[in-house]
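Below: one structure, written as structure tokens.
Nothing in this text is a laboratory measurement; each read-out follows from the coordinates by a stated rule. No experiment lies behind these values; they were computed from the predicted model shown. Here the Cβ positions follow ideal geometry from the backbone for every residue, glycine too, while neighbour counts run over all protein chains shown.
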Amino acid sequence: MKFETTFLRSRVARRIFVLFVCCALVPIGALAVLSFNRVEKQLNELSQRRLHHASKAVGMAIFERLLFLGEEMKGVASKYRTKSSHIYTPPDAEFGDHMKERFKGLAIITGKGKMIPLFGHIQNIPELNPQQSEHIRSGGTLVSSEHDPDPTVEIFMTTALDSKNHRRGMLVGQLNPDYLWMTSVENSLLPMTELCILDQSYHVLFSSLPGPVSFPEQVTLQMSRSTLGQFEWVHEEKEYMANYRSILLRAAFWTPKWIVVISESKSDALAPAANFKKIFLLVFLLSLWVVLFLSIVQIRRSLIPLEKLQEGTRRIAAQDFNSPVTIKSRDEFEELAASFNTMAGRLGKQFNALTTMGEIDRAILSALDTEKIIGVVLTRIPDVFPCNYVSVTLLDYNDRIIGRTYTESGTTEKEKVVEAIDLSAKEIQELMSHPESLYIELGEAAPSYLAPIVQNGVKTFLILPIILKKKLAGFITLGWSFKSTIHTQEDFDRARQLADQMGVALSNASLIRELNEFNWGTLEALARAIDAKSHWTAGHSERVTKLALKIGRFLGLPQEEMDVLHRAGLLHDIGKLGIPMDILDKEGKLTKKEEHLMREHVRLGLRILEPIAAYDEVISIVSHHHENFDGEGYPDGLAGKEISLGGRIFAVADSFDALTSNRPYRQALDREYAIEVIKQGCSSRYDPEIVQAFLEVMAQEGGEGEG
């Protein structure tokens, strides 16, 4: 059977589908995993228990064989104890056959170190240290091992011929590993197990595993800390479970210990669990196919509507609010689609309103001119709050309360119409008592301030007061040509928000205007204070500034540079505050020292203005207005275009006013003569371009300096 799974392209559909499948398969899987883990754990415990008993049995068997071999060694030693060294003969035939099964060789080492073989061939006998020798002399039996370069390990057993007379020598036997490790005995180990014997240094004495055997460092560390235990290890890429047990040999054979390690392959030990896993996999696959069949059949009808709703959300994310979702399922999904379409419509309306509000906010708050702010409100507020009429009224508090109501003319140019209205104290109080909004219908007596609006056919009004500093600064009026209007609370909130934003913008504009007026007033007051130091210079700064502005305007300077010229003109002689009065008002010619002090007023002005960051652009003009175009001026001797444009303009304007004003050392020159002096200084004291502009200004004012 072929299933159509296109609905699974939806993430929600996939999530529901996976949830359905998981709800069916997870319990089966969890039960199987728990069962498998339980079976595996029990098999592991059973294997470890078997290995534990096996290691114990093998360890006891090896220890018993060592004891038996030790007794046989003592029996042989007693046979040769009383014989002279020249009559050391091999054991009798009956005794010798048993010995040859258990020993690969037997020899006597005399007290003088001479080795006398009894049978077999013994080599690489380990040397004895003093402790081992003392153990043998005291009547004990020593077991030692010698590792050849090849993997073969030789085990030796040594005992004294006569413990009372150690000069008689020692009996040394090389043990037969087949007998000691019981490899010649059938079924000596449990099926599918492997045996390893380690000495006290963890060297392998015997291993039934193929190839060289080495245990991990953490395993040998574990063996050094406990006499028995279990671990897992890997040999030739095969995993093993192992159990070890130490054979304590020091008391009987002086060797500290041997370690018996019984290992079993994990694959062999857990074979029943592997079979269980195969069977479970088949059961799980069968269950999976059944669940897939049932889930696809049962949930397809539910997931397809979800896919359509998902596509609807994508359209909303793409700001497409006008494409409804169509579902004809005659169930809750159809109702959900209807709700979704309603929500999309509201979201579209809110999105458009928020976008428009953002644009209006940016336009209002970025404008510092009251007229621009009012123009933005009149133009854009209908986009946020649909209405037939919008007006903005601003109040002036003088002898009486007068309002200026701004409305659009209705022409394509969107010109504003301004009408003056009178407001009574009662009407002001009524608006103040409704700071959020005031709703008025024409069935009631209309306030006088609405009289110009009523004639336009408006019947319903919403008035939004604008309150600044606890005082009514104005209000926005929204009007409709019908009485019944339906608006949501969100509509009123947005309108109120817009009114508040306009209030903030008007406050900012007023503050900027006041600060600007204060700034210019301060500069003019400072200029008059500078000029007032001497009655000869009264009005000088303001006259120079006016002339410089005329020259700048003729040169077409932008408003920003004109403002810099204006400020610089009022402050260009601020350094004269530090010049003594006797120099400023001296009637005769200044001495060189006095002239030097007089010229210092430029640098004094710079020091006064430098701390004021806002006057950075003014400083260059103040510094350069006494520089000459030919470089002969002061204070820095700049020439040509090194002198700022403002400095070159003020050089001409300052000189002309000085020439045409009375000074203590001379009378004011004639205007035409002063113009001629400026012309004569062209290219030497003054920039020719500035002189030409100056002459044009003079000509426009009716002077004679047009040449």
Exercise for review: Return the subset of Lys372/Lys550; Lys56/Lys104; Lys426/Lys470; Lys41/Lys266; Lys41/Lys278; Lys546/Lys641 for which the Cα-Cα distance in this structure is over 20 Å, preserving the input order.
Suggested key: Lys372/Lys550; Lys56/Lys104; Lys546/Lys641
Check your understanding: By counting other Cβ atoms within 10 Å of each Cβ, how are His135, His121 ranked from fewest to most?
Key -> His121, His135
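Listing Thr183, Thr227 from the residue with the fewest other Cβ atoms within 10 Å to the one with the most, what is the order?
Thr227, Thr183
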Check your understanding: For Ser208 and Arg671 in one chain, what is 0.36 nm times their gap in residues minus the Cα-Cα distance, to one decimal in nm?
Key -> 153.8 nm
**Study point:** Pair Arg314, Arg603: separation of 7 Å Cα→Cβ label points (nm)
**Key:** 7.7 nm
Exercise for review: Would you mind computing, in nm to one decimal, how far apart the modelled labels at Leu515 and Asn322 are, each placed 7 Å from Cα along Cα→Cβ?
Suggested key: 4.5 nm
**Study point:** Estimated FRET transfer efficiency (Gln131, Leu228; beta-carbon r; R0 41 Å; 0.05)
**Key:** 0.95
**Study point:** Sequence-distant residues sharing a close amide H with Tyr634 (under 5 Å, placed H)
**Key:** Glu627, Asn628
Study note, to complete from the structure: When Cys196, Cys22 are arranged by how many other beta-carbons sit within 10 Å of their Cβ, fewest first, they go Cys22, Cys196
**Study point:** Distant-in-sequence amide H partners of Ile402 (H built 1.01 Å from N, under 5 Å)
**Key:** Asp396
Revision key, fill the gap. If the chain between Ser684 and Asn124 were fully extended at 0.36 nm per residue, the gain over the current Cα-Cα distance would be 189.6 nm
Review point. What GluC sites (Glu not before Pro) in the range 567-626 are in a loop by DSSP, with at most 13 other Cβ atoms within 10 Å of the Cβ?
Key: Glu587
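What is the calculated FRET efficiency for Glu332 to Ser433, with r their C-beta to C-beta distance and R₀ = 51 Å, to the nearest 0.05?
Plugging the Cβ-Cβ distance into 1/(1 + (r/R0)^6) gives 0.55.
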Check your understanding: Residue separation times 0.36 nm, minus the C-alpha to C-alpha distance between Asp616 and Asn662: what's the value?
Key -> 13.3 nm
Review point. Can you list the HN-Hα couplings for the range 55-69, worked out from phi with the Karplus curve (6.51, -1.76, 1.60; θ = phi - 60°), rounded to whole Hz and with x for Gly and Pro?
Key: 5, 5, 5, 5, x, 5, 5, 5, 5, 5, 5, 5, 4, 5, 5
Study note, to complete from the structure: For Tyr389, other-chain or 5+-apart residues with amide H closer than 5 Å (H placed, Pro excluded) are Gly479
Exercise for review: Would you mind computing, in nm to one decimal, how far apart the modelled labels at Leu46 and Asp383 are, each placed 7 Å from Cα along Cα→Cβ?
Suggested key: 8.2 nm
Exercise for review: Starting from the range 565-598, pick out the trypsin sites (Lys or Arg not before Pro) whose DSSP state is loop and whose Cβ has at most 14 other Cβ atoms within 10 Å.
Suggested key: Lys589
